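**Q** Encoded as structure tokens, here's the structure I'll be asking about.
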Amino acid sequence: IQRLEESVVNRIAAGEVIQRPVSAVKELVENSLDADSSSISVVVKDGGLKLIQVSDDGHGIRREDLPILCERHTTSKLTKYEDLFSLSSMGFRGEALASMTYVAHVTVTTITKGQIHGYRVSYRDGVMEHEPKACAAVKGTQIMVENLFYNMTARRKTLQNSADDYGKIVDLLSRMAIHHNNVSFSCRKHGAVKADVHSVSRLDSIRSVYGVSVAKNLMKVEVSSCDPSGCTFDMEGFISNSNYVSKKTILVLFINDRLVECSALKRAIEIVYAATLPKASKPFVYMSINLPREHVDINIHPTKKEVSLLNQEIIIEMIQSEVEVKLRNANDTRTFQEQKVEYIQSTLTSPRSDSTVSPKPSGQKAQKVPVNKMVRTDSSDPAGRLHAFLQPKPHNLPDKVSSLSVVRSSVRQRRNPKETADLSSVQELIAGVDSCCHPGLLETVRNCTYVGMADDVFALVQYNTHLYLANVVNLSKELMYQQTLRRFAHFNAIQLSDPAPLSELILLALKEEDLDPETDKNDDLKERIAEMNTELLKEKAEMLEEYFSVYIDSDGNLSRLPVILDQYTPDMDRVPEFLLCLGNDVEWEDEKSCFQGVSAAIGNFYAMYPPLLPNPSGDGIQFYTKNLDKDLLSDAENAWAQREWSIQHVLFPSMRLFLKPPASMASNGTFVKVASLEKLYKIFERC
Ligand code: ADP
Ligand code: MG
């Protein structure tokens with residue numbers, strides 16, 4: 001084992017920091033930016049191998065700093081480790097200039113403010129070749145890097161053979177120019193008159209660098225978040241619109257003014273474009289993101305451009321959705337060729353290969369969806385629901401509603417929208433519903449897919465890549481309530497085949513409420529309450545009929561109920577409770593509370609509670625085998641199957657159309673997220 005000579009060690013290290021001519025340019029230009037320059041010009045000869053010259057008009061370097069300027073780890077930007085976290089300059093390692101002197105000849109000409117002349121000095125292997133010489137100079141610093149890699153023959157050869165770095169340098173400066181639009185940049189080949197980068201304003205520099213076709217098809221994007229729990233950032237930039245066509249994505253990304261790369265963000269944006277634009281065009285994107293400095297991992301290798309951020313996923317998601325919104329809105333101004341979408345009626349025997357993407361009629365969705373965002377089913381396509389994988393039960397399902405001894409009649413109420421829609425109290429109640437609506441849940445409800453029932457109360461629904469448990473009782477109750485308000489005075493009616501006597505039904509309800517039904521001693525009281533409630537409801541009959549289509553005749557019989565959702569009849573076992581609730585809980589004096597009370601009672605009555613009979617396909621089966629009651633069993637099977645059918649075919653489709661979920665549902669357990677595909681993928685990736 002031999003100790004390497006220090007010059008060899010330094011040269012190896014230098015070769016790592018300065019990998020190609022463009023890396024030298026980047027370091028030099030960053031130094032100029034750190035020196036508060038407002039104008040930076042670059043001259044390049046032979047792709048940077050012969051000469052790189054960067055001139056700026058920054059604050060310059062003091063005479064006394066020149067001797068150690070090009071030593072390793074000499075910097076004016078950092079004195080102690082903690083400074084790293086409050087750093088706003090681009091350099092801080094004090095390595096760049098030193099590295100260059102190990103692999104090239106470096107000459108510095110500089111003048112600081114207030115001096116009458118400047119100094120020029122050359123460096124080799126980290127040290128001055130001679131004392132600084134006084135010379136004439138214009139404001140700022142000029143650094144010449146000549147004969148790059150003169151002492152690394154192999155590297156020089158490969159670079160000479162490959163396409164030269166000039167294009168890369170122009171590209172780098174173009175990106176810099178877009179971002180630092182208060183600094184003017186120019187870049188030209190040695191001897192050329194015309195500069196290849198010359199910038200004024202941000203859009204100007206995009207135009208001059210990337211062409212008119214890019215510049216005229218850009219839209220501004222902005223998004224920021226100030227979440228005290230950690231996710232704080234702001235982003236502004238430009239993105240190409242749908243008229244822009246390109247095969248390659250260009251992402252010019254600055255994070256805290258540092259030109260970086262972030263492949264996750266790039267992919268996220270590409271996905272949006274692929275999914276939103278009809279043509280598979282790749283975007284042009286310029287973005288400048290600012291974050292608290294401590295949220296960016298700054299202690300990265302000098303040549304490593306890929307960054308890591310705190311809360312990266314959230315930030316990317318927010319940016320992604322902002323881009324999507326911008327694109328979609330901009331899309332409205334553009335006409336698309338209509339694509340015919342063929343809906344394939346899929347069964348289990350024809351496995352779907354296209355189940356990942358919902359066929360949107362406008363044909364805006366493209367095919368590419370990352371695997372961890374693939375969605376098995378979507379709201380417009382029933383394949384993949386749970387029941388499709390189970391053996392169908394031999395039930396005679398939906399249409400046979402008659403078993404409930406109800407005949408639906410199409411008695412239409414007098415329709416006189418003007419007269420009743422003016423009732424301001426109902427309008428106020430509807431406005432109340434609208435104002436409580438939770439936008440996130442609304443989005444979920446609108447686009448979710450019913451997967452199946454998880455138990456008696458919770459349905460599994462899928463929204464994008466998330467799986468939720470949704471409380472069917474709460475949801476249906478709210479939906480029925482809202483629909484009652486919306487259909488106010490405009491109901492179709494369900495005609496009961498046998499009018500039912502109110503007093504008996506109410507008495508039934510009172511007895512059911514009683515915890516100890518054996519004792520008869522309160523029966524008198526109950527009968528009197530039932531009587532009173534019946535009288536009260538008879539008194540209100542006209543109003544109940546007119547506005548709610550609840551028809552009570554003069555003998556105190558209930559004979560008609562409203563249709564709240566088409567194709568849905570409430571569970572008649574719950575009529576007694578409903579009547580009791582009408583009699584007891586409604587506040588009749590005040591118009592608004594009265595309407596609200598009646599609507600709530602109807603909502604509760606029509607809600608899709610589990611049937612009163614135990615579920616025969618669950619634990620409840622014991623109940624029937626014990627009692628050996630065949631008829632009861634088939635009643636129960638019917639009731640449960642009927643309910644599940646209604647949930648899938650009536651409740652969920654109607655919810656998608658009408659439900660405005662109140663904010664309370666986000667926290668009261670009505671919606672519970674149980675799984676998210678991305679998270680599952682993460683778990684599997686780790687395995
Ligand atoms: P770093 O930028 O990490 O500090 P460098 O090797 O790039 O290390 O530069 C070393 C020091 O030289 C800088 O800290 C700065 O003080 C000075 N310097 C380099 N280039 C310039 C310039 N163009 N204008 C003024 N000062 C400069
Ligand atoms: Mg530097």
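**Q** Only residues that are within 30 Å of Lys630 (Cβ to Cβ) and of a type in the set (Gly, Ala, Ser): list them for segment 589-617, please.
**A** Hits for segment 589-617 are Ala607, Ser617.
**Q** If we keep just the residues of segment 1-30 that are assigned to a helix (DSSP H, G or I) and of a type in the set (D, E, K, R), which is most open to solvent (accessible area, probe 1.4 Å)?
**A** Filtering segment 1-30 for residues that are assigned to a helix (DSSP H, G or I) and of a type in the set (D, E, K, R), the one most open to solvent (accessible area, probe 1.4 Å) comes out as Glu6.
**Q** Can I ask one more? Which of the residues that make up segment 72-96 are among the charged types (D, E, K, R) and within 9 Å of ligand 1 (Cβ to nearest atom)?
**A** Listed by number, the residues that qualify are Arg72, Lys77, Arg93, Glu95.
**Q** Taking segment 436-489 on its own, how many of its residues are at pLDDT 90 or above, among the small types (Gly, Ala, Ser) and farther than 14 Å from Val672 by Cα?
**A** Residues in segment 436-489 being at pLDDT 90 or above, among the small types (Gly, Ala, Ser) and farther than 14 Å from Val672 by Cα: 1 in total.
**Q** List the residue pairs whose Cβ atoms are under 9 Å apart, where the first residue sits in segment 141-159 and is farther than 18 Å from Ala96 by Cα, the second is acidic (Asp, Glu) and away from ligand 2 (no atom under 16 Å from the Cβ), and the two are 6 or more positions apart or on different chains.
**A** Leu159/Asp165
**Q** Being farther than 21 Å from Trp588 by Cα, part of a loop (DSSP other than H, G, I, E, B) and open to solvent by 10 Å² or more (accessible area, probe 1.4 Å), is that true of even one residue in segment 523-531?
**A** no
**Q** Quick one: in segment 60-111, of everything that is away from ligand 2 (no atom under 14 Å from the Cβ) and part of a loop (DSSP other than H, G, I, E, B), which residue is surrounded by the most Cβ atoms within 10 Å (Cβ to Cβ)?
**A** Once the filter is applied, the top-ranked residue is Ala104.
**Q** Sticking with this one: Among the listed residues Leu49, Leu69, Leu33, which satisfies the condition of being within 7 Å of ligand 1 (Cβ to nearest atom) and assigned by the TED database to the domain that holds Thr107?
**A** Residue meeting the stated conditions: Leu69.
**Q** Within segment 37-56, track down each residue that is assigned to a loop (DSSP other than H, G, I, E, B) and more than 14 Å from ligand 2 (Cβ to nearest atom).
**A** Ser38, Leu49, Lys50
**Q** Looking at the structure I just gave you, is Ala154 farther than 17 Å from Gly58 by Cβ, in a helix (DSSP H, G or I), in the same structural domain as Leu66 (by the TED database) and within 13 Å of ligand 1 (Cβ to nearest atom)?
**A** Spelling it out, it is not the case that Ala154 is farther than 17 Å from Gly58 by Cβ, in a helix (DSSP H, G or I), in the same structural domain as Leu66 (by the TED database) and within 13 Å of ligand 1 (Cβ to nearest atom).
**Q** Under the condition of being touching a strand residue (DSSP E or B) at 6+ places or on another chain (Cβ under 7 Å) and of a type in the set (Val, Ile, Thr), which residue from segment 421-477 is surrounded by the most Cβ atoms within 10 Å (Cβ to Cβ)?
**A** Among them, the one singled out is Val472.
Listed here are the residues, each with its yes/no results for (1) open to solvent by less than 20 Å² (accessible area, probe 1.4 Å); (2) within 23 Å of Ser425 (Cβ to Cβ).
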{"site": "Ser559", "(1), (2)": "yes, no"}
{"site": "Gln567", "(1), (2)": "no, no"}
{"site": "Pro576", "(1), (2)": "yes, no"}
{"site": "Trp588", "(1), (2)": "no, yes"}
{"site": "Ala601", "(1), (2)": "yes, yes"}
{"site": "Leu613", "(1), (2)": "no, no"}
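**Q** Going by what's in this entry, would Asp165 be described as touching a residue at least 40 places away in the same chain (Cβ under 8 Å), charged (D, E, K, R) and crowded, with 21+ Cβ neighbours inside 10 Å?
**A** yes
**Q** Residues to consider are Phe578, Phe652, Phe623; find the one that is assigned to a helix (DSSP H, G or I), more than 16 Å from Leu485 (Cα to Cα), in contact with a Phe, Trp or Tyr (Cβ under 6 Å, 6 or more places away or on another chain) and assigned by the TED database to the domain that holds Thr449.
**A** Result of the check over Phe578, Phe652, Phe623: Phe652.
**Q** Out of the residues in segment 112-139 that are basic (Lys, Arg) and in contact with a strand residue (DSSP E or B) (Cβ under 6 Å, 6 or more places away or on another chain), state the one that is nearest to ligand 2 (Cβ to nearest atom).
**A** Taking the candidates together, the pick is Arg120.
**Q** Which members of segment 36-46 meet the condition of being away from ligand 1 (no atom under 16 Å from the Cβ) and buried (at least 19 other Cβ atoms within 10 Å of the Cβ)?
**A** Across segment 36-46, the qualifying residue is only Val44.
**Q** Report yes if some residue within segment 159-173 is at pLDDT below 90, of a type in the set (Ser, Thr, Tyr) and in a helix (DSSP H, G or I); otherwise report no.
**A** no
**Q** For segment 134-151, give me each residue that is away from ligand 1 (no atom under 16 Å from the Cβ) and open to solvent by 80 Å² or more (accessible area, probe 1.4 Å).
**A** Within segment 134-151, Ala136, Tyr150 qualify.
**Q** Then there is this: Could you grab me the full set of residues in segment 278-307 that are open to solvent by less than 50 Å² (accessible area, probe 1.4 Å), under 24 Å from Lys248 (Cα atoms) and modelled with pLDDT under 75?
**A** Thr303, Val307
**Q** So is Asp57 within 11 Å of ligand 1 (Cβ to nearest atom), assigned by the TED database to the domain that holds Ile178 and on the phi > 0 side of the Ramachandran plot or not?
**A** Taking the combined requirement at face value, the residue does not satisfy it.
The values are calculated or read from the model by the stated rules, or taken from the named source; none is laboratory data. Quick caveat: nothing in here was measured; it's all calculated off a predicted structure. All Cβ positions, even for glycine, are placed from backbone atoms using ideal geometry, and neighbour counts span all protein chains on display. For accessibility, only protein heavy atoms count, side chains too; no ligands or nucleic acids. Shrake-Rupley method; radii C 1.70, N 1.55, O 1.52, S 1.80 Å.
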